[in-house]
Amino acid sequence: MSSVVVEMKNIRKQFPGVLALDDVSFQLIEGEVHALVGENGAGKSTLMKILSGIYHQDSGSISYRGREIRSLNTRQVRYLGISTIYQELNLCKNLDVAENIFLGKEKVTALRVLEKKHIHEEARKYLSMLDSAIDPSQLVDRLSIAEQQIVEIAKALSYESQVIVMDEPTSSLTLKETGKLFEIIKRLKAQGRSVVFISHRLEEVFLIADTASVLRDGRHIGTKNVKDLTYEEIVKMMVGREIEKKHAKTGTRAERKQGEEALLEVSNFTVTNLLNDISFKLYPGEILGFSGIVGAGRTELMETIFGLRSRVRGEIRLKGRLTQIRSPKDAIENGLAMTSEDRKSKSLFLNFNIRENVTISFLRHMTKSGFISSPREKKFVTKFFTTLNIKPKDTEFPALTMSGGNQQKVVIAKSLSTEPEILIMDEPTRGIDVGAKEEVYGIIKALAAAGKSIILVSSELPEILSLSDRIIVMNKGAVVGELSNEEATEERIMAMSV
Amino acid sequence: MREAAPKAATRRKLVNPQIMQLLGVSVALIVLAAVFTIASKGRFIHPDNLLTVARQVSITVIVGIGVTFIMITGNIDLAVGSYLALSGIFLANMILLGVPWLLAVVMTMVALGLLQFLVGTVIAKQRLTSLIVTLAMLSIARGIALSWSGGKPVYIENDSFMQIGNGYLGPIPIPVIIAGCALIIGQFVLRKTRFGRYTYAVGGNEEAARSSGIDTDRIKISVFVISGFLTGLAGCVMAGRLFSGSPVAGQGFELDVIASIVIGGTSMNGGLGSMIGTLIGAFMVGAINNGLTILGVEYYYQLMAKGMIIFLAILIDRWTKKVRV
């Protein structure tokens, strides 16, 4: 069981302005689960996109089962036996499970009419290989993310794929669903297939992978058997420096002063079907964490506070004063700022460069006699390069081609540009690498130390535990509990979240 | 991302695709002009002809500036041709009622501005697509123009007004001066004012724009109003040239305008674009119209040629915007 299934040699890929892959080699062995790790921008997704035919390498070779493959399109690669499952999931929501599995390979009768009868049975066959009870005639739209992922894997099976690449498959899954996914991966392995597993979550690498390859800045740093590796070693390869693994629980606030007034008080927030009579307080200089599973209503709550959603009922008091917030503009004027969960669709302007992105909320102060002054903008933005360590340090760099971590820092810079007193951060480290995460944590702590209040929504328990002074747990649109820094543990939070 | 990369040369020289497109179109324009000049044995290049081209292009440019604003926000306006006719009819009737011509011009611009205010409000607040709404307005406005005028041109007999369409300031036709001023102001607003930046923001990512504190409805409505003013003005210039308000003026004009804008590099999706681009695009379309006419090419073939150029322009637009991988 040690034959090489995929061999990528000396792959080089240049994009405008950046060398994404520099002489990278990668080998996949039959029946192994091979983790591909690295910081954002390291080149992992790019490497796999070249394998799956989305991009073409500038130089270097790819062979599959000993035969060199060249300039194939994605369809051809799929037929060859290599399937890729993306983080964003490539299913047609308006079609049912079976139709999705057979998309592009629909069976037709002699009269070229779609043959629908057998596809449900066939689909069931593939789903049962994964021990899944999903109904093939169910509309994909109705399935959970975890179930949609299973449909994607079934699709890969229908192509008799020997190689399945999974790009950040667990980012939207609960703990339980992740466990189920790992069962499936073990099954695939038992069937003699190979899995490439791209993930930021190093704990998962140790749980499921046989081999791990680390990329950094477009270069292949090393490949080792997972059982010969330690967490610290992988991190060091990824980042090039030592990182503390666990954070001490640091509440950044001193004892709350007696009778201190809440900076923000939210009362009885209700939004039909989404939020149910939510109330809480936020004190100056504290980091308030919001925990809960996907769908608990945290993002909706924050969007409502920020004026992006209207509510049926509820009041906001800032420093005791009743405040009307009906739009993000109102929120910003009242000293709030927010970084959204999904930066590409909600916060970042891909048609703008760094400077234009950062200043957009604060343009009033970038003007000289009424007109925008580029020098003033540049000066303003340059400050953030140092405090947030944004790369590249070029104000005119287009946001489109930046790595996820740096894009996130640009979004944070934008939210800080208006000098808010309250900063709402919704999943601020989603999709960014260990190194950048540490930087963002440092930024958050520094902001709190400087007296700002931060509301942190996060699905990563270690993150929320190490940063928050208090943690509010939400479940199905309601607040189910509040824990102080000392009382909070992962188990207690999980217990309240489900 | 490799920051300290030795490939610093490639990293810095990110060629702006927008500039590349403008350069490409400019070259194409020069080549086209050369071809027409040779084919028409020099008639194309004759100063009188160039003046004619300049005058025709002026109207496209004036309207084009407004529509560029609209398209940068990710919307579109298909009704500008009908508005052109409506403006002319409105103006002519005001003058007939005895309103001094300058005031009548201002009233026309305001009237169109108000009309577009309504259109913009419907689009923004009701969240209807601009494509459908302005498509409806195309018919409605044309209908109003025709019924108000009884289907016949409304003549304007006013010598001083005639200057606006046919007069000169020195050697330069007045319409060209008007277009030039509008262009400079338009480009300046786009690049140097907060309003202009917000326009790009709304087109680039409307949700992000809203989250950043921009009143996206206000921006959307404003670009339509601006377009209304400019179209009203262009309608007056045209009426000046025709000595009348014509209910059938501007048929098919929206195609010329949109083609000019897209050729000039403004993306149909919004978020990108410039006035200079619209100017070059308008010259391209104007040159094609004029050149083919001089060469005696039948109108039907002209339409086909124009259509193909638009098609090519959109292809090139997609091709240069995608990162080639």
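The values are calculated or read from the model by the stated rules, or taken from the named source; none is laboratory data. What you see is a predicted model; the values in this text were computed from it and never measured. Virtual Cβ from ideal backbone geometry, glycine too; neighbours counted across all protein chains shown.
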- Message: Which condition from (1) within 11 Å of chain B (Cβ to nearest Cβ); (2) touching a residue at least 40 places away in the same chain (Cβ under 8 Å); (3) closer than 17 Å to residue A:267 by Cα is the one that residue A:331 breaks?
- Response: (2)
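State whether one or more residues within segment B:267-275 are assigned to a helix (DSSP H, G or I) and either within 13 Å of chain A (Cβ to nearest Cβ) or under 15 Å from residue B:68 (Cβ atoms) (or both).
yes
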- Message: Tell me whether segment A:99-116 contains one or more residues that are under 30 Å from residue A:11 (Cβ atoms), among the acidic types (Asp, Glu), surrounded by 14 or more Cβ atoms within 10 Å (Cβ to Cβ) and within 30 Å of the chain's Cα centre (by Cα).
- Response: no
- Only one of these is farther than 28 Å from residue A:372 by Cβ, surrounded by 24 or more Cβ atoms within 10 Å (Cβ to Cβ) and within 20 Å of the chain's Cα centre (by Cα): B:165, B:250. Name it. B:250
- Considering only segment A:441-477, state which residues are free of Cβ contacts under 8 Å to residues at least 60 places away in the same chain and either touching a strand residue (DSSP E or B) at 6+ places or on another chain (Cβ under 7 Å) or in the same structural domain as residue A:170 (by TED's automatic domain parsing) (or both). A:447
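Residues to consider are B:122, B:106; find the one that is more than 30 Å from residue B:55 (Cβ to Cβ) and more than 11 Å from every other protein chain (Cβ to nearest Cβ). Explain how you work it out, then say what you get.
Values: B:106 fails: more than 30 Å from residue B:55 (Cβ to Cβ).
On inspection, the qualifying residue turns out to be B:122.
If we keep just the residues of segment B:171-202 that are basic (Lys, Arg) and within 22 Å of residue A:337 (Cα to Cα), which is nearest to the other protein chains (Cβ to nearest Cβ)? Walk me through how you get there before you give the answer.
Just the residues of segment B:171-202 that are basic (Lys, Arg), to begin with: B:191-192, B:194, B:197.
Checking the rest, the ones that are also within 22 Å of residue A:337 (Cα to Cα) come to B:194, B:197.
Details: B:194: 5, B:197: 6 Å.
Looking at residues that are basic (Lys, Arg) and within 22 Å of residue A:337 (Cα to Cα), I get B:194.
Within segment B:58-72, is even one residue more than 14 Å from chain A (Cβ to nearest Cβ), surrounded by fewer than 18 Cβ atoms within 10 Å (Cβ to Cβ) and either in a helix (DSSP H, G or I) or of a type outside the set (Gly, Ala, Ser) (or both)?
Pass one, segment B:58-72, residues more than 14 Å from chain A (Cβ to nearest Cβ): B:58-70.
Those still in the list that are surrounded by fewer than 18 Cβ atoms within 10 Å (Cβ to Cβ) too: none.
Within segment B:58-72, none of the residues are more than 14 Å from chain A (Cβ to nearest Cβ), surrounded by fewer than 18 Cβ atoms within 10 Å (Cβ to Cβ) and either in a helix (DSSP H, G or I) or of a type outside the set (Gly, Ala, Ser) (or both).
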- Message: Among the residues in segment A:48-63, are any within 14 Å of another protein chain (Cβ to nearest Cβ), crowded, with 23+ Cβ neighbours inside 10 Å, touching a strand residue (DSSP E or B) at 6+ places or on another chain (Cβ under 6 Å) and in contact (Cβ under 8 Å) with a residue 60 or more places away in the chain?
- Response: no
- Message: Considering only segment B:275-297, I want to know if a residue exists there that is exposed (fewer than 14 other Cβ atoms within 10 Å of the Cβ), over 16 Å from residue B:35 (Cα atoms) and more than 12 Å from the chain's Cα centre (by Cα).
- Response: no
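Any idea which of A:341, A:303, A:315, A:286 is more than 29 Å from the chain's Cα centre (by Cα), in the same structural domain as residue A:444 (by TED's automatic domain parsing) and more than 19 Å from residue A:496 (Cβ to Cβ)? I'd like the intermediate steps shown before the answer.
Working: A:341 fails: more than 29 Å from the chain's Cα centre (by Cα); A:303 fails: more than 29 Å from the chain's Cα centre (by Cα); A:286 fails: more than 29 Å from the chain's Cα centre (by Cα).
Just one listed residue meets the conditions, A:315.
Would it be correct to say that residue A:21 is over 13 Å from residue A:4 (Cβ atoms), within 21 Å of the chain's Cα centre (by Cα), at pLDDT 90 or above and outside any helix (DSSP H, G or I)?
Judged against the criteria, residue A:21 is not a match.
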- Item | Residue satisfying condition, being out of contact with any Asp or Glu (no Cβ under 7 Å at 6 or more places or on another chain) and on the phi > 0 side of the Ramachandran plot, within set B:180, B:113, B:143, B:151 | B:151
- Select from segment A:386-445 the residues that are in a helix (DSSP H, G or I), β-branched (Val, Ile, Thr) and either away from chain B (no Cβ under 11 Å) or over 30 Å from residue B:18 (Cβ atoms) (or both) and list them in ascending order. A:386, A:387, A:410, A:412, A:434, A:440, A:443, A:444
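Regarding residue A:144, is this residue buried (at least 16 other Cβ atoms within 10 Å of the Cβ), at pLDDT below 85 and more than 17 Å from residue A:197 (Cα to Cα)?
Details: buried (at least 16 other Cβ atoms within 10 Å of the Cβ): no; at pLDDT below 85: yes; more than 17 Å from residue A:197 (Cα to Cα): yes.
Considered against the rule, which asks whether it is buried (at least 16 other Cβ atoms within 10 Å of the Cβ), at pLDDT below 85 and more than 17 Å from residue A:197 (Cα to Cα), residue A:144 comes out as no.
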- Does at least one position in segment B:203-220 carry a residue that is touching a residue at least 40 places away in the same chain (Cβ under 8 Å) and away from chain A (no Cβ under 14 Å)? yes
